[in-house]
Amino acid sequence: MLSFEFLREKREVLIKALEKRGYDAAIVDELVKLDEERRRLIREGDELRRIRNQRNEDVARLKKQGADISELIAELRQVSRRIKEIEEKQAKVESKFKELWLQIPNIPHESVPIGKDETENKVIRQEGEPREFDFEPKPHWELGEKLGILDFKTAAKMSGSRFAVYKGLGAKLERALINFFLDVHTREHGYVEVMPPVLVKSESAYASGHLPKFREEMYFIEQDELFLIPTAETSLANLHRDKILDEDSLPLKYVSYTPCFRREAGSYGKDVRGIIRVHQFNKVELFQFTKPEDSYDVLEQMLAHAEKILKLLKLPYRIVQLCTGDLGFASAKTYDIEVWAPGVGRWLEVSSVSNTESFQARRSNTRFRRKSTGKVEFVHTLNGSGLATPRTFIAILENYQRKDGTVEIPEVLRPYMGVSEIA
RNA sequence: GGAGGGUUAGCCUAAUUGGUAAGGCGGCGGAUUUGAAAUCCGCUGGGGUUACUCCCUUGGGGGUUCGAGUCCCUCACCCUCCGCCA
């Protein structure tokens, strides 16, 4: 959610931002109209309430004196009726306004390149060289099935397409990755480990910005009106909802391992094989609450924290800056990290690091009191995967595969695995 | 699932039979001071307005009333106990 400032004083900035993102800016006119209507009703209602408050004091006083107040009360009954009418109108206008306002995405940071979709994202740099193979590298689903560590047939029977059963060293590798990620971020990068619920109420999904726009992307438990989270970000954005934090406590750094659930509606036929795109996956998520002036430095730090994992795993990757057309709804600036997967011959997104500035903080009403002024301000929130496991799993199988279909385990994972290869 | 108790501002705590939320702490600003402490004064969340001595805010929503923290209904969350389950 944005400050109303953008609707009133900085309307051109808002319209320009929407256009850059490829949104229809016509919604702004409607919002302006509703906002004006809303304010008109507030003024009208305030005036009537002021009269009512004043006259009610007269009622109390006169009643104590034993005077006849029946006329006054009859008059006030009228005033109350009008107040009620106005309040009803106002509630309608406000709910319409809010509905539209919640659909407005964040304003892209000035450093974000303008572009219409993911084809216009910018590759900023590449780290590590893709390995030269003296044989044709196989895709992970072939390697995984042959090694008996991934079972797609059984998963399809149990749960349908886009699921996988991990077995034996496959399951262990998955668990090793999660533990390795958590250990690096808690020990080396100073994050506090958090294990949040993976089922959340709708208001939490609104706060994180996943509702209303991504309703179709989330699994919904109708009986209890709960959503399965698509990312730990959804839960973590609510950690300090409706709180005023101490300035000294910032930045607050959290790391969470959670399963993530995505319906992948509309992606039929895309990445149907293997575990590139699945309905349920594991992810270790970094999340920070910062002061506004620090958030862009923190964005770079978080990118480095996520990169550290790939460096330790010795996997080649590249950093991509998302253009305005591909930027996430809540994000003002995002870097993606893509790892090289030689078996499928593609760069795969394993992390997305975003600064939402105060966008989520407004929705979640998360603020801090600034010591120098004593005033409350919204914090900035940032999130980044550190990392998502399936595509890291893919990259390990495909990059560390041998000609005979066996896979070497990266050095740093061996203490977690207890073995040096999957054969 | 059943019974009872609770939710007041950043935190803590009040509020006769319904008369419009009182204090304390913390924080910020100011006065005083060589500086600090102490003391005193003001401010403290949201909104509207050219502006104000204006409006709103007692967990959410609704109702009764001229007027609701207070009475009624409903929902959420927390605590205690019972039942069920792990």
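Worth pointing out:
- Our estimate of slack between residue A:146 and residue A:80, defined as 0.36 nm per intervening residue step minus the Cα-Cα distance, is 16.1 nm.
- Under the span-like rule (Cα at least 27 Å along the axis, Kyte-Doolittle mean at least 0.0), DSSP H helices of chain A: A:295-313
- Span from the the stretch A:288-355 Cα centroid across to the the stretch A:1-58 one, whole angstrom: 36 Å
- Ranking A:256, A:350, A:186 by how far each Cα lies toward the positive end of the dipole of chain A (charges on Cβ) leaves A:256 at the top.
- Most mobile of A:249, A:372, A:235 in a GNM of chain A (Cα contacts under 10 Å): A:372
- Every helix of 4 or more DSSP H residues in chain A counts as -39500 (n - 2.57), and over all residues that averages to -13000 deg cm²/dmol at 222 nm.
- Proximal lysine pairs, the stretch A:5-101, alpha carbons under 27 Å, eight or more residues apart or interchain: 21
- Residue-normalised convex hull volume from the C-alpha trace of the stretch A:196-324: 156 Å³ per residue.
- Between residue A:150 and A:145, A:167, the built amide H atoms are under 5 Å apart, and every one of these is 5 or more places off in sequence or on another chain.
- For chain A, the pair-distance distribution built from all alpha carbon pairs, in bins 20 Å wide starting at 0, is 22, 48, 20, 7, 2, 0 percent.
- Test item: Cα-centred dipole of chain A, Lys/Arg +1 and Asp/Glu -1 on Cβ, debye: 1000 debye
- Farthest toward positive dipole pole in chain A [+1 Lys/Arg, -1 Asp/Glu at C-beta], among A:177, A:67, A:204: A:67
- Ellipsoid fit via the Cα gyration tensor, the stretch A:246-381: semi-axes of 32, 17, 14 Å, each the root of five times an eigenvalue, largest first.
- For residue A:109, the residues whose modelled amide H falls within less than 5 Å of its own, excluding neighbours fewer than 5 places apart on the same chain, are A:333.
- Computed label-point distance, nm, for sites residue A:46 and residue A:219 using a 7 Å Cα→Cβ extension: 4.9 nm
- Among A:154, A:384, A:334 the positive-end extreme of the charge dipole of the stretch A:118-422 (Cβ point charges): A:154
- By the beta-carbon count within 10 Å of each Cβ, the least crowded to most crowded order of A:163, A:227, fewest first, is A:163, A:227.
- Here the residues A:356, A:119, ranked from fewest to most Cβ neighbours within 10 Å of their Cβ, fall in the order A:119, A:356.
- Extension gain, residue A:404-residue A:416: 0.36 nm per intervening residue step, less the Cα-Cα distance, totals 1.9 nm.
- Within the same chain, lysines fewer than 8 places from residue A:153 are excluded, and of the rest, those with a Cα less than 21 Å from its Cα are A:138, A:167, A:172, A:270.
- Cα-projected label distance for residue A:64 with residue A:5, points at 7 Å along beta-carbon direction, nm: 4.6 nm
- Nearest-0.05 FRET efficiency for residue A:13 and residue A:135, computed from C-beta distance (R0 35 Å): 0.05
Laboratory data are not the source of any read-out in this text; all were calculated from the coordinates shown. Note that the coordinates shown come from a computational prediction; the quantities given were computed from them, not determined experimentally. Cβ sites come from the backbone with ideal geometry, for glycine too, and all protein chains shown count toward neighbours.
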